[in-house]
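What follows is calculated from the coordinates using simple rules that are stated; it is not laboratory data. Remember, it's a predicted structure, so these values are computed and weren't measured experimentally. Glycine gets a Cβ as well: all are built from the backbone with ideal geometry, and neighbour counts include every protein chain shown.
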Amino acid sequence: MTTAIYTHPACKLHEMGCDHPESPERLIAIEDHLIASRIDDLLTHCVAPLASEEQLASVHTPEVVSRIKDLTPQQGYYPLDGDTLLNPSSWTAARASAGAAIGATSAVLGGEIENAFCSIRPPGHHATPDEAMGFCLFNNVALAAKYALDVHGLERVAIVDFDVHHGNGTEEVFKSDPRVLMVSFFQHPCYPYSGLDHPAPNMHNLPVPAYTDGALVRALVEQHWLPALHAHQPQMIFISAGFDAHREDAIGQMRLVEADYAWMTSQIMSIAKQYSKGRIVSCLEGGYSPSALGRSVVAHVKVLAGLD
């Protein structure tokens, strides 16, 4: 099984201050843990292309694309909101993150690789068509899914979001598109305080309380996600892979561990093998405890690569 890691050097250059949890150290921790686990050499490593402005505009308004480009400072920081800042490398990093998701999708659909994990930042699932927010600039998973649908002509795709926060941006993009099924769980109440009010029929949101552990999450996946995924029969699956529901992560208050991420990945793999020719592209979202993040990504990638 050929599993690729997509990333780009610019993804480590985007930073929002020394105390910001969404930091370059996240990608360094992932790299270190992949090497320490001795699976790094068993993976295909790809440098992400940079997404074009035309590709970004497939999901985002021209105004938001231009805003991020034009407001990227030559030095220092520019705050888009209280949590989301631009530094001189942010425009390139955002294009690299989106380009990784699109490039991995192209490679999977072209048969060059079976699946991919995009080790990227800034993350994306909070970015709406007309707003960057919640550490996110462009919606990487949404751009990849749109690319698969509109460029490669797929008829049905699924997005699985297991971040501790609701993927409000992804839901906003696809809530009226029956080609896309989105399944997610998220801590509630928690930022961005969305996902509960009359979700569209193609959105399967599962709000859970703080301190929810893996046993409950596994039960919810079996009861809700899997029947919906079987009914949709996706031709490709995209994962918004947030690891901030880990019990060691200070951003959220859930209680998942590495084995839970491995189990969820195995369930997604089973669906992909049945309906999607094994085609999966997973994109990093949250996860802010470097050690827990690195260990969880290793558990996730081992299953993707058939090394578990």
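Observations on the structure shown:
- Springs join every pair of Cα atoms under 10 Å in this Gaussian network model of the chain, and among 250, 48, 29 the largest mean-square fluctuation is at 250.
- Taking label positions 7 Å along the Cα-Cβ direction at both residue 218 and residue 45, the computed distance is 3.4 nm, reported to one decimal.
- Under 5 Å from the amide H of residue 159 lie the amide H atoms of 181, 182, 183, 238, each residue being 5 or more positions distant or on a separate chain, with H modelled from the backbone and absent for Pro and chain starts.
- For the pair the range 1-58 and the range 219-289, the centres of their Cα atoms are 19 angstrom apart.
- Using a cutoff of 8 angstrom between alpha carbon atoms and counting only pairs six or more residues apart, the relative contact order for the chain works out to 20 percent.
- Over the range 8-61 - Rg/Rh using Cα atoms and the Kirkwood inverse-distance radius: 1.08
- The chain - mean residue ellipticity at 222 nm from DSSP helices (-39,500 (n - 2.57) per run, n ≥ 4, rounded to 500): -11000 deg cm²/dmol
- Summing +1 for each Lys or Arg and -1 for each Asp or Glu among the other residues whose beta-carbon sits under 11 angstrom from that of residue 2 gives -2.
- Using only alpha carbons, the chain has a radius of gyration to Kirkwood radius ratio (Rg to Rh) of 0.92.
- Projected onto their three principal axes, the Cα atoms of the range 1-118 cover extents of 42, 33, 19 Å, largest first.
- When restricted to Cα atoms, the range 44-169 yields an Rg and a Dmax of 14.2, 44 Å, respectively.
- Only aspartates and glutamates eight or more places from residue 273 in sequence, or on another chain, were considered; those with a Cα closer than 12 Å are 114.
- Cα pair distances in the range 212-301, grouped into 10 Å bins until the bin that holds the longest one, percent each: 18, 47, 30, 5
- The fraction of Cα-Cα pairs per 5 angstrom bin, counted from 0 for the range 145-195, comes to 5, 21, 28, 20, 13, 8, 4, 1 percent, rounded to whole percents.
- For 198, 246, order by how many other beta-carbon atoms lie within 10 Å, fewest first: 198, 246
- Counting only lysines at least 8 places from residue 146 when in the same chain, those with an alpha carbon closer than 19 Å to its own are 175, 277.
- Ranked for footprinting exposure by Cβ neighbours inside 10 Å, fewest first, 263, 225 give 263, 225.
- Under 21 Å from the Cα of residue 12 - lysines, other chains or at least 8 residues apart: 69
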